[in-house]
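All remarks here apply to the structure that follows.
What follows is calculated from the coordinates using simple rules that are stated; it is not laboratory data. Just so it is clear, the structure is predicted and the values come from calculations on it, not from any experiment. Here the Cβ positions follow ideal geometry from the backbone for every residue, glycine too, while neighbour counts run over all protein chains shown.
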Amino acid sequence: MKNELNYLFQYLDKENIGIDKEEFLFQNQSHPDYPSLLSITDTLSFFNIENGVMRVKVSDIKLLPDHYVTFLNEETNSPQLYFVERKDNIFLWNKGKKTLTITESELESRWNGIVLLIEKLENEETLKQTKSSLSKVLQIFALLLFALLLSQFETDFLTKLFLVFPIIGIFFLYCRPEGFVWYKKYLAQQFL
């Protein structure tokens with residue numbers, strides 16, 4: 001499934017938009033209209049990424065930005081979504097793991113007319129930094145509060161140590177690169 005949305009992740013990388021791919025795939029697969037373009041746009045909106053799908057005439061291809069996602073007609077299959085990048089008058093698009101070049105006339109012959117565009121918000125990075133610093137302060141405050149409460153208990157050292165081990169386990173679980181993503185996947189599989 002990850003390869004199926006590879007075109008979208010390439011587009012997000014070109015726009016310098018960082019996203020957790022595993023979480024994106026989880027949210028996309030949870031959408032009621034999955035698999036569809038609607039599920040992709042709704043998932044992008046869920047991640048607060050401005051996006052839009054529009055119909056563009058062949059004559060307006062030159063007005064599009066330098067990279068976008070579009071449906072292109074295939075000779076043997078139904079139209080597929082591809083990440084297209086323009087460099088001068090040559091268009092690059094990825095098919096599987098290959099990057100292919102295509103001229104403007106070839107692109108026009110394959111053109112389906114549906115384009116997905118993404119816009120990065122300017123204050124997105126400032127908001128992420130604010131949330132990150134606030135999150136760290138709250139975590140430190142919660143640990144200090146827990147330590148204070150633990151020191152107030154009139155029990156022996158082993159009982160206090162027994163209470164600290166689950167907190168240490170949750171801390172190590174949270175510090176993993178994947179975070180709690182595996183737990184969300186496990187819960188989703190239990191109910192599907």
### Task
Using the structure shown, select from Lys21/Lys62; Lys14/Lys97; Lys57/Lys87 the pairs with a Cα to Cα distance greater than 27 angstrom.
Lys21/Lys62
### Message
Given points 7 Å out from each Cα along the Cα-Cβ axis, report the Asn73 to Asn51 separation in nanometres with one decimal.
### Response
2.6 nm
### Task
With label points built 7 Å along Cα→Cβ from the Cα atoms of Ile90 and Ile19, find their separation and express it in nm.
2.8 nm
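Would you mind ranking Val53, Val58 by Cβ crowding within 10 Å, fewest neighbours first? Intermediate results must be reported in sequence, preceding the final value.
Working: Val53 15, Val58 12.
Ranked by crowding around the Cβ, least crowded first: Val58, Val53.
For the stretch 43-118, which trypsin sites (Lys or Arg not before Pro) are in a loop by DSSP, counting at most 14 other Cβ atoms within 10 Å? Can you show the working numbers first?
Values: sites: Arg55, Lys57, Lys62, Arg86, Lys87, Lys95, Lys97, Lys98, Arg110; in loops: Lys57, Lys97.
Sites meeting the loop and neighbour criteria: Lys57, Lys97.
Using only Cα atoms, what is the ratio of the radius of gyration of the stretch 6-119 to 2.2 N^0.38 Å? Mind dumping the intermediate values first?
Numbers: Rg = 14.0 Å, N = 114, 2.2 N^0.38 = 13.3 Å.
That ratio works out to 1.05.
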### Task
Could you name the aspartates and glutamates whose alpha carbon sits less than 15 Å from that of Lys120, not counting residues in the same chain fewer than 8 places away?
Asp13, Glu15, Glu50, Asp66
